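As structure tokens, the structure follows; a few thoughts come after it.
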Amino acid sequence: MTIDPRNARPSAAFPPNVIAEIQRAADQGIYEIRGLGTKRRLPSFDDLLLLGASISRYPLEGYREKCDTDVVLGTRFAAKPLELRIPITIAGMSFGSLSAAAKESIGRACTAVGTSSTTGDGGMTEEERRASKLLVYQVLPSRYGLNPRDLRRADAIEVVIGQGAKPGGGGMLLGQKISPRVAKMRTLPEGIDQRSACRHPDWTGPDDLTIKIQELREITDWQKPIYVKVGASRPFFDTQLAVKAGADVVVVDGMQGGTGATQDVFIEHVGIPTLPALRQAVDALVDLDMHRKVQLVISGGIRSGADVAKALAMGADAVSIGSAALMALGCNKPVHVADYEALGTAPGHCHHCHTGRCPVGVTTQDPVLEKRLDPEQGARWLRNYLSVMTLEAQTIARACGKTHVLNLEPEDLVATTIEAAAMAGVPLAGTSWIPGRDLR
Amino acid sequence: MQTGALAAEDVRALNGRLHALPADTNQRAWRVINPRGAHAVAVGLTQELEVVVDGHVGYYCAGMNEAAHVEIRGHCGWGVGENMMSGMVRVAGNASQSAGASGHGGMLVIEGDAGHRCGISMKGIDIVVGGSIGAFSAFMAQAGNLVVCGDAGENLGDSLYEADIYVRGAVASLGADCVEKEMTAADREKVAALLARAGIAADAAAFRRYGSARTLYNFHVDHADSY
């Protein structure tokens with residue numbers, strides 16, 4: 001019997017993937033949990049273009065005329081701000097979610113290119129401290145592994161309010177990844193499904209945050225820059241409140257940001273994209289006359305030097321990458337294909353960080369799988385990738401006539417869609433129209 | 001005896017002096033006067049110092065304490081002894097919310113009452129409260145002991161992991177996955193030792209024990225009502 005195409009018309013409301021998810025939920029009785037970030041199409045840096053030099057602006061000669069990339073983070077109050085050679089940092093990712101080899105690879109690569117890496121939920125490992133010249137230490141709601149010794153040997157402190165993949169949600173690490181070492185670092189039984197708190201245990205609200213930051217500064221004798229990281233939902237207000245609370249650096253993570261494990265419904269339906277989040281955060285700083293005084297780091301779906309250049313042009317001081325760094329280490333690489341298939345997926349589509357069965361040894365605690373990532377090789381890959389991103393950003397900045405990537409400005413940008421123009425606050429290409437210019 | 005007069009110097013200067021002490025210092029006895037509710041007093045100490053704070057303090061007094069013995073002769077705001085690792089923090093009066101939050105070790109003694117979330121997220125600390133504690137105390141508590149001579153507020157031990165809770169008085173209600181457990185001879189011995197260390201007189205046999213039922217450790221749809 002053949003299928004009559006008239007009877008095979010797909011439903012817009014119930015396409016095959018939606019039907020499959022309904023039946024999976026009915027079968028398993030649990031929401032889908034997965035890693036990485038949103039898979040939906042969102043307005044992004046892809047919808048922006050840079051305006052190269054023309055008669056009114058001189059370009060710089062590629063490879064001959066210097067285009068600097070250094071940036072200093074934490075200049076407001078900290079005695080020892082972070083001096084980075086490139087404006088690309090590595091976002092917080094936990095040991096537990098990531099293998100020790102992955103953390104070491106990241107630390108080594110960052111040290112080689114002169115940037116910072118960040119701890120995650122679960123504390124600081126010896127490997128990453130040893131490998132990282134500049135290490136940002138996260139203070140998270142769970143407080144797993146948090147201790148004053150590591151606070152003092154960190155180069156900066158990041159108070160995490162939320163992350164772009166799940167603003168308003170806490171961490172999640174499923175039992176299969178709670179190895180003996182991870183369990184010990186987090187003071188938890190092995191093998192349990194660990195859910196980190198979504199609120200800090202000892203403060204609520206911006207007034208308390210001010211006092212919390214004061215405490216952290218007192219413990220570290222006002223030496224370390226203090227970052228405040230928020231998941232993008234209300235970035236205008238969050239940025240202003242973080243500044244008011246005394247942050248040296250505000251980190252805004254858009255909804256394209258990744259995670260080691262979170263409910264799919266959270267990843268896909270909560271938060272706002274990186275593009276409007278960045279613009280609102282910059283607006284907030286400008287409104288307070290604190291732009292460039294409190295540094296702004298943007299993250300969430302940054303993949304290339306073009307993304308970096310566009311983010312800086314919109315007003316960020318630096319960017320942070322997470323998922324892209326893991327991909328440089330081999331995430332979704334077409335090797336060990338049978339192991340992807342065992343997870344029911346394929347290279348290029350895998351988001352199974354939560355299972356602990358990462359075929360390339362990046363997001364696993366399995367001793368056999370972890371050996372698939374050699375920290376030296378991983379560091380080389382990530383170092384290459386960070387260098388390429390930097391060269392790409394410099395290429396664009398030179399074309400726009402800038403001697404420093406931080407000299408890129410909103411006037412160098414146009415948008416290719418009305419949505420992106422409205423969200424980024426730059427004109428639609430070929431027009432002087434910025435939709436919603438007078439609205440916030 | 002060294003004196004830190006917070007009417008004359010600010011918290012930064014006081015903490016700076018405490019942090020700058022060399023390991024072989026003989027200036028181990030300190031008295032802080034006129035704290036006037038200041039925040040972050042005597043935080044981040046790393047040595048075996050005896051610090052007496054003569055008055056009321058604000059948030060996070062003795063936060064992240066290591067080794068030091070800090071005594072607060074007054075009441076304190078949120079987060080006294082938060083994330084402390086070792087040593088002893090004693091409050092002669094009452095403590096506000098989140099006392100001993102996420103503490104990893106050492107002992108926190110509150111002679112009066114403690115507010116909501118006492119011992120929240122505790123990770124190995126021992127907390128002894130002479131009076132009563134507020135709601136949601138020992139929320140997500142992972143390890144350590146919480147001994148309460150008075151009553152406990154609602155939702156005690158909600159989402160508890162492996163910490164032990166001992167209460168002498170009434171418990172308004174238990175939180176998700178927290179259950180009453182048998183008070184064994186070993187428990188009575190442990191509570192008696194904790195009370196003795198805390199310098200609080202109470203009969204260990206009068207306490208009841210609460211701990212995790214461990215039913216929420218791994219997700220199951222049939223427990224959805226508890227989430």
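Read the figures in this text as sums done on the coordinates, not as results from a lab. Note that the structure is predicted; figures quoted are calculated from it, not measured. Using ideal geometry, Cβ is built from the backbone for each residue, glycine included, and neighbour counts are taken over all protein chains shown.
Find how many whole Å separate the alpha carbon centroid of region A:23-102 from the alpha carbon centroid of region A:323-355.
Value for the Cα centre distance between the two parts: 20 Å.
What list of ³J(HN,Hα) values in whole Hz, one per residue of region A:141-153 in order, does the Karplus curve 6.51 cos²θ - 1.76 cosθ + 1.60 (θ = phi - 60°) give from phi, with Gly and Pro shown as x?
x, 5, 6, 4, x, 6, 8, x, 5, 5, 4, 6, 8
I'd like the projected area of region A:32-424, averaged over all directions, using the convex hull of its alpha carbons. Report it in nm² with one decimal.
So the mean shadow area of the Cα hull is 18.0 nm².
Output the direction-averaged projected area (hull surface divided by four) of the convex hull of the alpha-carbon atoms of chain B, in nm².
Averaged projected area of chain B's Cα convex hull equals 12.3 nm².
Among A:94, A:54, A:304, which one shows the biggest mean-square fluctuation in a GNM of chain A, springs joining Cα atoms closer than 10 Å?
A:54
Counting only other chains, and only Cβ atoms inside 10 Å, what mean value do you get across the residues of A:188-197?
Numbers: counts 6, 7, 0, 2, 7, 5, 2, 5, 2, 6.
Whole-number average of other-chain Cβ neighbours for A:188-197 is 4.
Mind checking which helices in chain A clear 27 Å along their axis (Cα) and have mean Kyte-Doolittle hydropathy of 0.0 or more, DSSP H runs only?
Span-like helices, by this rule, are absent here.
When Rg is the radius of gyration of the Cα atoms in region A:338-440 and Rh is its Kirkwood radius, what does Rg/Rh come to?
A ratio of 1.20.
Sort A:68, A:121 so the one with the fewest other Cβ atoms within 10 Å of its own Cβ comes first.
Sorted ascending by nearby Cβ count, the order is A:68, A:121.
If the elastic network links every pair of Cα atoms under 10 Å, which of A:428, A:84, A:51 fluctuates the most in the Gaussian network model of chain A?
A:51
Just to check, using Stokes-Einstein with a Kirkwood Rh over alpha carbon pairs, what's the diffusion coefficient of region B:57-181 at 10 °C and 1.306 mPa s in µm²/s?
120 µm²/s
Charges only on Cβ, +1 for Lys and Arg, -1 for Asp and Glu: so what's the dipole of chain A about the Cα centre, in debye to the nearest 20?
440 debye
Could you work out the relative contact order of chain B, using alpha carbon pairs under 8 angstrom and six or more residues apart, expressed as a whole percent? Walk me through the numbers before you get to the answer.
Details: 740 pairs, mean separation 22.3, N = 227.
Contact order relative to length: 10 percent.
Gap in Å between the Cα centre of region B:98-152 and the Cα centre of region A:155-194?
Using only Cα atoms to place each centre, the spacing works out to 23 Å.
Excluding residues fewer than 8 places away in the same chain, name every one of the lysines whose C-alpha is closer than 24 Å to that of residue B:190.
Qualifying lysines at Cα under 24 Å: A:184, B:123, B:181.
Taking the alpha carbon gyration tensor of region A:1-145, what are the square roots of 5 times its eigenvalues, largest first, to the nearest whole Å?
Working through the eigenvalues yields semi-axes of 43, 30, 14 Å.
Rank by packing, highest mean first: peptides B:23-29, A:296-302, B:93-99, with packing defined as the count of other Cβ atoms within 10 Å averaged across residues. Can you show the working numbers first?
Numbers: B:23-29: 10.1, A:296-302: 29.6, B:93-99: 26.0.
Top to bottom by mean Cβ count within 10 Å: A:296-302, B:93-99, B:23-29.
Relative contact order for region A:32-424: what percent, with Cα pairs under 8 Å and sequence separation of 6 or more? Kindly include the intermediate steps, with their values, before the conclusion.
Numbers: 950 pairs, mean separation 102.2, N = 393.
Over region A:32-424, the number comes to 26 percent.
Would you compute, from DSSP H runs of 4+ residues alone, the mean residue ellipticity of chain A at 222 nm, taking -39500 (n - 2.57) per run and dividing by the full residue count, rounded to the nearest 500?
Value at 222 nm, helices only, nearest 500: -10000 deg cm²/dmol.
Check which residues have an amide H placed less than 5 Å from residue B:89's amide H, if you skip close sequence neighbours.
The answer is B:70, B:107, B:108, B:109.
Would you tell me the mean number of C-beta atoms belonging to other protein chains that fall within 10 Å of each C-beta in B:137-143, as a whole number?
Mean partner-chain Cβ count within 10 Å for B:137-143: 3.
Where does region A:61-186 land on the Kirkwood hydrodynamic radius, alpha-carbon pairs, in angstrom?
Here the Kirkwood hydrodynamic radius works out to 15.5 Å.
In whole percent, what relative contact order does region A:268-362 give with Cα contacts below 8 Å and a gap of six or more residues?
Working: 93 pairs, mean separation 19.9, N = 95.
Normalised by residue count, the contact order of region A:268-362 is 21 percent.
Divide, for the protein assembly as shown, the radius of gyration over alpha carbons by 2.2 N^0.38 Å, where N is the residue count.
Relative to the 2.2 N^0.38 Å estimate, the protein assembly as shown comes out at 1.02.
Work out, in µm²/s and without decimals, the Stokes-Einstein translational diffusion coefficient of region B:1-81 at 4 °C, 1.567 mPa s, Rh from Kirkwood over C-alpha pairs.
107 µm²/s
DSSP beta bridges in the protein assembly as shown, what fraction antiparallel, as a percent rounded to 5?
Bridges in the protein assembly as shown are about 20 percent antiparallel.
So if the hydrodynamic radius of region A:248-384 is defined as the Kirkwood radius over C-alpha pairs, what does Stokes-Einstein give as its diffusion coefficient at 37 °C and 0.692 mPa s, in µm² per second?
For the chosen part, D equals 198 µm²/s.
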